[in-house]
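These notes are about the structure you will find just below.
The values are calculated or read from the model by the stated rules, or taken from the named source; none is laboratory data. All figures in this text were calculated on a predicted structure; none of them were measured in a lab. Quick reminder, even Gly has a Cβ in these numbers, built from the backbone with ideal geometry, and neighbours come from all protein chains shown. With ligands, DNA and RNA removed, areas are computed over all heavy atoms of the protein, side chains included. Shrake-Rupley method; radii C 1.70, N 1.55, O 1.52, S 1.80 Å.
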Amino acid sequence: MRRPAEPVARRAATWLLGLALFAALPAAALAQRATAVAAPASFGALIERLSEPGGYFDTDNLISNESSYLHALGGLRRLGVRGGAYVGVGPDQNFSYMAVVRPEVAYLVDIRRDNLLLHLLFKAAFVEAPTRVEYLGLLFGRAPPADAARWDRRPIEDLVAWLDAAPPADRRRASTRVLQRVARFGLALGPADYQTIERFHRAFMAAGLDLRFTSQGRGPRPGYPTYRELMLARDLEGRPGHYLVREDDYRFLRDLQAADRVVPVVGDLSGPHALAAIGDDARARGLVISVLYASNVEFYLFGTGRFEHYAGTVERLPRHARSVIIRSWFERGRIHPFARPGHNSTQVVQTMDAFVAGLADGYRSYWDVVTRDPIPPA
């Protein structure tokens with residue numbers, strides 16, 4: 001991540017000239033568009049400052065594999081978790097938590113640099129699309145309905161039905177639109193980065209709502225949800241909770257993205273820099289960390305002997321009594337007490353204070369972490 005970078009506008013223009021080989025617009029027009037818009041260097045500079053060198057994980061992780069991801073929402077509401085700074089790993093399941101918490105800023109950190117590129121794809125789609133249905137149309141390569149502005153009160157089921165029935169739009173044009181927007185974000189990206197973003201976008205467009213989490217060299221495991229299932233999922237109170245359920249939630253997230261307050265960061269939660277730097281940046285903004293969504297990263301940290309370093313960093317993060325950690329438990333021969341039938345995962349919420357207090361006795365395993373002082377799901 002930390003490498004000498006040529007000026008952003010020149011790199012963007014170089015890539016867009018190549019992109020014009022398959023785009024509808026001529027090369028000169030693409031290059032002119034790329035250089036005519038002043039890139040906000042502060043966003044790219046912040047990402048560079050917070051990030052550390054990336055690492056490897058054996059998946060593109062385009063969507064969540066946690067069918068229970070919305071089961072954490074009830075605990076967030078009951079505790080009154082609101083505002084502050086949000087920290088999360090992985091792709092767009094974070095947006096559903098953010099829609100409830102309404103943070104001032106969100107840091108989306110992942111060991112894979114590709115996760116940063118994926119979030120630039122999401123950011124471009126948010127900024128380009130004024131409404132939920134237009135966002136889905138751009139992300140999945142479908143022409144939005146002619147009356148898109150009148151879909152603001154349509155239920156999520158209608159959006160899913162429309163997307164399933166809508167014929168593919170011009171995918172080249174959709175890719176060009178997204179990549180042109182990404183070029184304006186002020187990051188030092190090279191041709192390989194743009195190719196990766198385009199590849200991710202084409203995966204969404206090709207699979208549609210059947211898109212599912214996969215690992216490299218391994219097929220989908222039983223129980224991994226499709227994007228359709230994630231959109232239609234409900235919390236433990238029976239309420240739909242995906243970030244595209246309500247137009248108001250979408251507008252909040254879009255405003256956050258447009259203001260450069262959704263910050264993708266490359267880093268290991270147990271690494272030497274990224275998580276601590278995120279804490280320092282939040283503190284400098286006068287914010288506490290309201291949510292740390294760690295998924296099941298801590299499981300891997302126990303396996304690599306890095307859990308204690310991570311825990312020490314969490315202990316130093318700015319927090320208050322309502323700050324929480326959201327975790328995911330996947331059945332590995334042990335069924336969590338909060339497990340619900342029909343789900344491949346279990347969401348566990350714990351206050352940061354309770355986690356830090358437990359450090360005095362020590363945590364022996366990830367099972368110990370997810371079963372000690374959890375907040376009841378309902």
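Computed quantities for the displayed model
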quantity	calculated
Relative contact order (%) - criterion: Cα under 8 Å, at least six apart; region: the chain	24 percent
Sequence-separation-based contact order of the stretch 183-293, relative, with Cα cut under 8 Å and 6+ spacing, percent	9 percent
Solvent exposure ordering (accessible area, 1.4 Å, most first) of Arg113, Arg212	Arg212, Arg113
Förster radius 25 Å - calculated FRET efficiency between Arg154 and Asp210 (Cβ-Cβ, nearest 0.05)	0.70
The chain: most fluctuating residue of Ala360, Ala174, Ala206 per GNM, C-alpha cutoff 10 Å	Ala360
Cα centroid separation, the stretch 331-378 to the stretch 100-149 (Å)	31 Å
Length released on extending from Arg82 to Arg102, taking residue separation times 0.36 nm less the Cα-Cα span	6.6 nm
3J(HN,Hα) from dihedral phi, the stretch 122-137, Karplus parametrisation 6.51/-1.76/1.60, rounded to Hz, x for glycine, proline	4, 4, 4, 5, 4, 5, 6, 10, x, 10, 4, 5, 6, 4, 4, x
Relative contact order for the stretch 103-164, counting Cα pairs under 8 Å that sit 6 or more residues apart, in percent	22 percent
Placed amide H near Ser345: partners under 5 Å, 5+ positions off or other chain	Ser67, Ser68
Amide H partners (placed H, <5 Å) of Tyr293, local residues excluded	Val87, Gly88, Val89, Ile326
Linear extension gain, Glu331 paired with Trp367, 0.36 nm per residue minus alpha-carbon span	11.9 nm
Accessible area expressed per residue, the chain, with surrounding protein chains retained (probe 1.4 Å, Å²)	40 Å²
Rounded to 5, percent antiparallel among DSSP beta bridges of the chain	45 percent
Sequence-distant residues sharing a close amide H with Val105 (under 5 Å, placed H)	Tyr86
Label-point gap, in nm, between Ala258 and Arg173 - each point 7 angstrom along Cα→Cβ	2.3 nm
Calculated FRET value between Arg285 and Ala146, using beta carbons and R₀ = 51 Å, to 0.05	0.75
Gained length - Ala165 relative to Arg239, 0.36 nm times residue gap less alpha-carbon distance	24.1 nm
